[in-house]
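Structure first, then comments.
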Amino acid sequence: MSSAPSSAKLTRVVGALAEASGMRAATLNELVRIGDAGLLAEVLRITGDRATLQVFEETMGVSLEEPVVREGSPLAVELGPGLLGSVIDGIGRPLGDLATLTGDFLLPGANAPTIDRARRFTFVPVVARGAQVQQGDVLGTVLERGGFEHRVLVPPGRQGIIAGVFGGERGIEDVVARLADGTTLGLSQRWSVRRPRPSAARLDASRPFLTGQRIFDFLFPIAEGGTVAVPGGFGTGKTVIEQSLAKYAEADVVVYIGCGERGNEMAEVLHEFARLKDPRHGRAVLDRTVLVVNTSNMPVAARESSVYLGLTIAEYFRDQGYRAAVMADSLSRWAEALREIGSRLQEMPGEEGYPTYLASRAAKLHERAGRVTCLGAPKREGSVTLISAVSPPGGDFSEPVTQSCLRVAGALWALDPELAHQRQFPAVDWHTSYSLYSDDMGRAFDATVDPDWSKARGAVLDLLQRDAELREVASVVGPEALEDKDRLLLQAAAIVREVVLGQSAFDPNDAYSPPAKTYRLARASLDLFEAGKVALGRGATFAELELAPVRRALATLRDAPAGDVEVKAAEVKARIASLWRGARSEAGGTS
Amino acid sequence: MSPMRVARTYRGARAAAGPLVYLNGAQRAALGEWVTITAPGQAPLRGQIIDAGEQLSVVQVLEDTLGLAPAGVEIALTGELANAVVGKELLGRALSGAGDPRDGLPPPIGEALRPLWGAPLNPTRRLPPSDFIETGISAIDGMNTLVRGQKLPVFSGPGLPALELAATIVENARAPRGEPFAVVFCGIGITERETRTFLDRFAASGALERSVLYLNQAQDPTIERLLAPRQALACAEHLAFVHGLHVLVVLADITHYCEALREVAAAREEVPGRRGYPGYMYTDLASLFERAGVVKDKPGSVTQLPILTMPDDDITHPIPDLTGYITEGQVVLSRELHRRGIFPPIDVLPSLSRLMNAGIGKDRTVPEHRKWADQLYAIYARGREARMMVAIVGEAGLSPADRRALELTESFERELVHQGPKRRTIQETLEAGWRLIDRVPREDLLKLSDELLATRQAQRDEAQHKGA
């Protein structure tokens, strides 16, 4: 809805910022097209007839006096079938279509709708003529690739009596229902990215968000609809964690936001996700994924918007009654985009040059996660879980972005370069990480996996704590000077680190660990520790304990294909039973 | 990109300060527009508009502004963006950071002009890097494998032989199947001595004829440092994606580049970020480093080997820190190893190649490469920890396994990392590693399977048999 030809013209261009005159009628956050090429920009400030704009595309070569055209609406994203499996940039343009338009390199001014206009979807209505519909009601469904049922909803703010409903082959812009007042409803709807989508009620976090990663599910679990910050210096494995979760976490839909990260990584994600199967549904991981991509060399303003765009898409799937997960990699780049734009606006800087509204923006962003009762009928629940990587400069967590996220996130998975150097992956520091959801989630795991889950978790945490204390002592007196029971503890902790906390993202059998396997490995490691203590109590010396074979058996169990698990578990048990040759047969396996 | 305007000429600038010249209301000035500033009786200075404004535009001048009188100059806005002359004929040439000849030959005509500020590669058009590059350096090929299309920086410290390492790699690097290969070397603010060392090695090894050199030396204008790597990368992209060459780009030294960036930011009175570097340094560095990669349906590739000096060996300094967040790993040089005469003095513990897994294994190097590297890494890490412990508790306080690891650590540094100027094939590297592993008792080899060790034993027996 571009307005009448205006006299608006550019009066300044610097970096991602532009200024224009003749903008008296503009509104804040309104979209405009600038220059002869029609680059997309957003109004940030209005003073008299002057407006300050942030430009979502590269501004090199844009001249003063080029025209500015108002679009009349804020930045919005098209939501509908066809989103799953797509790769879009920070303002919602599909990158594949942009390549068709401008070739291998991204050039400004290209334009393509988020969802392919040529695609046809089979719409199956579930409402009939004469039905009264409210906002959020399911109008009908579309079956997407991989068997995903896409629910077409009455957009927020709309209601009325169905005057006509049109099933069958539909394009994304086609009308699928008409209300008595003449309003038409389509397969898709648009929503302004900076505004959270409404829901009927917010629910508490009571169900675990299964990540398939042992250290998270067992030690620092998060809830469906929860938020977690994952800070870590470079090389600590943030991206590998985000990717592992995107592949294996129990979510119906994953929105992966590559915010200011590497181009090769995005190519890798695309390649991998198309090839990999979701372990639970057997469909390609890409078929449940929407990729929002703004690599570090793409325009900085679109980096700021990419996070909101991704969250809006996740909320849309939440509103259909699905469990959506958002992987934001990384929020530091989002914050830096705020800083860059704020500094060009000559705003008064806060800490480390970041704008003073960094904390409040970060809080608002996190609050878009949550588990809700969706609007409309039939009654359903949905969730948005937010896993955000943070890249603190120098790995120092006291910096403003990490701190702003920690104040609002429900959990911290702190990555440690020391562990990464030891190649202990995921390099999650178990001493500083925490989860505010752990008690609730513990109860849930006790009920669904094993009644002993929480107790075992407590025992492992205790073991790791004592391990840290003992290692400090050992670094002064040497490990040889420790008592046998302490040396046993150090070994048991090393085994827990290796087979429970350590997990290879690249081993096809170990990349995803179901909770039952996680529990089994933790339990077996604790059993070994107990058996060792019993043996020492009966007169064994540490040197007599045959720990190495148990350790190898545990590692084999960890890496065993699903079919071999029982055999390998029996082997572990047998090895624990023969831990000490001097032991009577019942020495092992007691707990 | 909008069509550019015609050239316009103005007389007199409003102000000049350091590398910046301020213009009154230059009509239709475009961001990034190329400008020449001529003072009577002097050679014209080149510059670029970095802030286009109705009242005031800012020009960043590439050349030295010494003696410039703003009121008297003539300013020509060319109507064009900054471009680089590119072409295959540039191979064998030495040019300045601005693209002027440095070898006494006439300016290159080239085949095409390519925008200096290259557009970002569409991520959906990228091919995930997966081809092994044999650098001839064991600590890289074996432990931190370089892959085509990767950007792998060398983190060095003052006085460490980073340039020698780069020169060695350039001399030795081989494409796996002998595909056409070229080098683009970009010196950024490097000294005369460094330049000479590098050029002499280049000339001696015959690498010069397959190379393009862009040289901005310490005495050259600072702002030219911002241009030099972009000249180099534009040229590399052309050679790779138009001519299908596999191009290795060496950028030395990124620290000088960042300092030039800071100088301009300070001149513009921008709000400084950490240690005075501008807040957009991450984005700016990314606009260089992200110009590495492989493109679908195109035969060539751009691989980057940037070199940076960590001030005071501090890896948390903003320059190595931001670089590490953008690049796909890092090769870290160690002062301690250098002091002990080990070349190349690569510390493999903090070093990392993120793309290693994609470049090694079956059909690339050998199937057991990953396990081999993991095992050596694990023992070396353990030995390094033991080395620290020895200082406190003495060797007697170590467990027998720690003592064995300590011994192996010594050998690892002397036999695997140290190789002097000699080139090692990947087979020689792997064998050197196996010879270390052979000395370790089974119980310490937690990362290797019985089958793998049996295969190794069979190989040794066979070799012994042949030898006998």
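Remarks
- Among the candidates B:Gly67, B:Gly92, the residue that is out of contact with any strand residue (DSSP E or B) (no Cβ under 8 Å at 6 or more places or on another chain), in a loop (DSSP other than H, G, I, E, B) and not hydroxyl-bearing (Ser, Thr, Tyr) is uniquely B:Gly67.
- Test: residue in the stretch A:559-574 that is outside any helix (DSSP H, G or I), buried (at least 18 other Cβ atoms within 10 Å of the Cβ) and within 14 Å of chain B (Cβ to nearest Cβ): yes
- Residue in the stretch A:481-497 that is within 26 Å of the chain's Cα centre (by Cα) and surrounded by 15 or more Cβ atoms within 10 Å (Cβ to Cβ) present: yes
- Considering the stretch A:362-393, the residues that are surrounded by fewer than 19 Cβ atoms within 10 Å (Cβ to Cβ) and out of contact with any strand residue (DSSP E or B) (no Cβ under 8 Å at 6 or more places or on another chain) include one that is farthest from A:Gly410 (Cα to Cα), namely A:Lys364.
- Close pairs (8 angstrom Cβ cut-off, 6 or more residues apart or separate chains): of a type in the set (Asp, Glu) in the stretch B:32-49, surrounded by 21 or more Cβ atoms within 10 Å (Cβ to Cβ) anywhere: B:Glu33/A:Gly61; B:Glu33/A:Ser63; B:Glu33/B:Gln48; B:Glu33/B:Ile49; B:Glu33/B:Ala52; B:Glu33/B:Leu77
- Matching residues in the stretch A:16-49 - criterion: being over 35 Å from the mean Cα position of the chain (by Cα), more than 10 Å from chain B (Cβ to nearest Cβ) and of a type outside the set (A, V, I, L, M): A:Gly22, A:Arg24, A:Thr47, A:Gly48, A:Asp49
- Strands (runs of 3 or more DSSP E) wholly inside the stretch A:183-292 containing at least 1 residues that are surrounded by 22 or more Cβ atoms within 10 Å (Cβ to Cβ) and of a type in the set (Phe, Trp, Tyr): A:253-261
- The listed residue being within 29 Å of B:Ser211 (Cβ to Cβ), of a type in the set (A, V, I, L, M) and within 8 Å of chain A (Cβ to nearest Cβ), out of B:Ile307, B:Ile319, B:Ile326, B:Ile254: B:Ile326
- Of residues in the stretch A:498-528 being of a type in the set (Gly, Ala, Ser), in a helix (DSSP H, G or I) and buried (at least 20 other Cβ atoms within 10 Å of the Cβ), the one nearest to the other protein chains (Cβ to nearest Cβ): A:Ser525
- So A:Ala427, is it within 14 Å of chain B (Cβ to nearest Cβ), under 23 Å from A:Glu498 (Cβ atoms), in contact with an Asp or Glu (Cβ under 6 Å, 6 or more places away or on another chain) and surrounded by 14 or more Cβ atoms within 10 Å (Cβ to Cβ): yes
- Selection from the stretch B:257-273 of residues that are touching a Gly at 6+ places or on another chain (Cβ under 6 Å), surrounded by fewer than 23 Cβ atoms within 10 Å (Cβ to Cβ) and within 9 Å of chain A (Cβ to nearest Cβ): B:Val271
- Here B:Gly206 meets the list (1) over 18 Å from B:Thr425 (Cβ atoms); (2) in contact with a Pro (Cβ under 6 Å, 6 or more places away or on another chain) almost entirely, failing just condition (2).
- For the stretch A:439-455, a residue qualifies if it is within 28 Å of the chain's Cα centre (by Cα), in contact (Cβ under 8 Å) with a residue 60 or more places away in the chain and surrounded by fewer than 21 Cβ atoms within 10 Å (Cβ to Cβ), and the qualifying residues are A:Asp440, A:Gly442, A:Ala444, A:Thr448, A:Val449, A:Asp450.
- Selection count, the stretch B:151-167, where residues are under 20 Å from B:Arg424 (Cβ atoms) and either under 14 Å from the mean Cα position of the chain (by Cα) or not assigned by TED's automatic domain parsing to the domain that holds B:Gly244 (or both): 7
- Of all residues in the stretch B:274-288, those satisfying the criterion of being of a type outside the set (D, E, K, R) and more than 8 Å from chain A (Cβ to nearest Cβ) are B:Gly276, B:Tyr277, B:Pro278, B:Met281, B:Leu285, B:Leu288.
- Some residue of the stretch A:59-71 being away from chain B (no Cβ under 12 Å), under 28 Å from A:Val142 (Cα atoms) and part of a strand (DSSP E or B): no
- Screening B:Pro344 against (1) in contact (Cβ under 8 Å) with a residue 40 or more places away in the chain; (2) of a type outside the set (Ser, Thr, Tyr); (3) in a loop (DSSP other than H, G, I, E, B); (4) within 13 Å of chain A (Cβ to nearest Cβ) leaves a single unmet condition, (4).
- Residue ID - farthest from the other protein chains (Cβ to nearest Cβ), chosen from residues in the stretch A:402-411 that are within 22 Å of A:Gln243 (Cα to Cα) and buried (at least 19 other Cβ atoms within 10 Å of the Cβ): A:Gly410
- Residue within the stretch B:313-329 that is assigned to a helix (DSSP H, G or I), more than 18 Å from A:Pro392 (Cα to Cα) and not charged (D, E, K, R) present: no
- Failed condition for A:Ile222, given (1) of a type in the set (A, V, I, L, M); (2) modelled with pLDDT of 95 or more; (3) over 20 Å from A:Tyr519 (Cα atoms): (3)
- Unique match (being surrounded by fewer than 23 Cβ atoms within 10 Å (Cβ to Cβ) and at pLDDT 95 or above) among A:Ile34, A:Ile46: A:Ile46
- Screening B:Tyr380, B:Tyr280 for residues that are among the hydroxyl-bearing types (Ser, Thr, Tyr) and outside the structural domain of B:Asn144 (by TED's automatic domain parsing) leaves exactly one candidate, B:Tyr380.
- Considered as a group, the residues in the stretch A:529-556 that are among the acidic types (Asp, Glu) and away from chain B (no Cβ under 14 Å) include one that is surrounded by the most Cβ atoms within 10 Å (Cβ to Cβ), and that residue is A:Glu530.
Each row is one residue, and each column tells you yes or no for (1) among the charged types (D, E, K, R); (2) away from every other protein chain (no Cβ under 14 Å); (3) surrounded by fewer than 16 Cβ atoms within 10 Å (Cβ to Cβ).
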site: B:Val85; (1), (2), (3): no, yes, no
site: B:Leu90; (1), (2), (3): no, yes, no
site: B:Ala98; (1), (2), (3): no, yes, no
site: B:Leu105; (1), (2), (3): no, yes, yes
site: B:Pro115; (1), (2), (3): no, no, no
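- Members of the stretch B:367-402 that are more than 9 Å from chain A (Cβ to nearest Cβ) and either at positive phi or not in a helix (DSSP H, G or I) (or both): B:Pro367, B:Glu368
- Within the stretch A:75-113, the residues that satisfy the criterion of being part of a loop (DSSP other than H, G, I, E, B) and over 25 Å from the mean Cα position of the chain (by Cα) are A:Gly103, A:Asp104, A:Leu106, A:Leu107, A:Pro108, A:Gly109, A:Ala110, A:Asn111, A:Ala112.
- When the test is whether a residue is closer than 30 Å to B:Val348 by Cα and not acidic (Asp, Glu), A:Pro426 passes it.
The values are calculated or read from the model by the stated rules, or taken from the named source; none is laboratory data. What you see is a predicted model, and the numbers here were worked out from it, not measured in a lab. Cβ atoms come from the backbone with ideal geometry, glycine included; neighbour counts cover every protein chain shown.
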